[in-house]
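Taking it in order: structure first as structure tokens, then the write-up.
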Amino acid sequence: MKSRAENGYSLEFRAELLKERIYATLALLAVLLTLDPHHSSAGQAALIVGGTVLSLWAASLIATTMSYRVVMQRVVPRRNFRRQLLLHSALLTAAAFPLLTFGMAATGFITLAVAINMAIGASLLLLLSWSLLSARALQTGGLGTLILAGAELAIGLGIVGLKIFLEH
């Protein structure tokens, strides 16, 4: 049986990939919270989310290649670039569920407000899941797990609270 490193992905790479997924979820949550279902359509919401995620993805790839050239004084090797494509793809995959909910709203299956709330809820559940997994990995025990997960989830809820505050 192959070890994790032999499967092509080191533990460090997996940690980087998860970091990118958490970042993507937080970035997407911030975008979702700016959507107003009363002043936009499902198509407009999809364009906003899709366009934002695509531009963040492109910017992260450009930043990676530019920083590599500055530090290493050469072009990023193809193998490293493919690795970066995989790492930064978390930004693109984070948009899949919200775009699915916006598609359901466009067909009239659900309202845009419900679609946005479903996408926000899914993002918050992902953050909570990762918080619980990180606390479990640290073997903090029951109370420590709840405290750590609560503190980490507070970041996501802080974004929600800021949006609510700014709307009123």
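The values are calculated or read from the model by the stated rules, or taken from the named source; none is laboratory data. All values derive from a computational prediction rather than experimental measurement. Here the Cβ positions follow ideal geometry from the backbone for every residue, glycine too, while neighbour counts run over all protein chains shown.
Quick notes
- Positions within region 83-138 being touching a residue at least 24 places away in the same chain (Cβ under 8 Å), among the small types (Gly, Ala, Ser) and assigned to a helix (DSSP H, G or I), in sequence order: Ser89, Ala90, Ala94, Gly103, Ala105, Ala106, Ala113, Ala115, Ala119, Ala122, Ser123
- Which numbered condition Ala24 misses (of (1) part of a helix (DSSP H, G or I); (2) modelled with pLDDT of 85 or more): (2)
- Whichever residue in region 103-159 is within 15 Å of the chain's Cα centre (by Cα) and polar (S, T, N, Q) and, among such residues, is nearest to Ser41 (Cα to Cα): Ser123
- Near pairs, Cβ below 7 angstrom, 6+ apart or cross-chain, from region 150-163 (over 19 Å from Leu132 (Cα atoms) and in a helix (DSSP H, G or I)) to any residue that is of a type in the set (S, T, N, Q) and at pLDDT 75 or above: none
- The listed residues are Gln73, Gln44, and the only one of them that is at positive phi and either in contact with a Phe, Trp or Tyr (Cβ under 7 Å, 6 or more places away or on another chain) or not small (Gly, Ala, Ser) (or both) turns out to be Gln73.
- Where Leu100 falls short, out of the listed (1) at negative phi; (2) over 22 Å from the mean Cα position of the chain (by Cα): (2)
- Members of region 34-57 found to be surrounded by 18 or more Cβ atoms within 10 Å (Cβ to Cβ) and either part of a loop (DSSP other than H, G, I, E, B) or under 14 Å from the mean Cα position of the chain (by Cα) (or both), listed by number: Leu35, Val49, Thr52, Val53, Leu56, Trp57
- Scanning region 86-119 for residues that are crowded, with 21+ Cβ neighbours inside 10 Å and modelled with pLDDT of 85 or more yields a total of 10.
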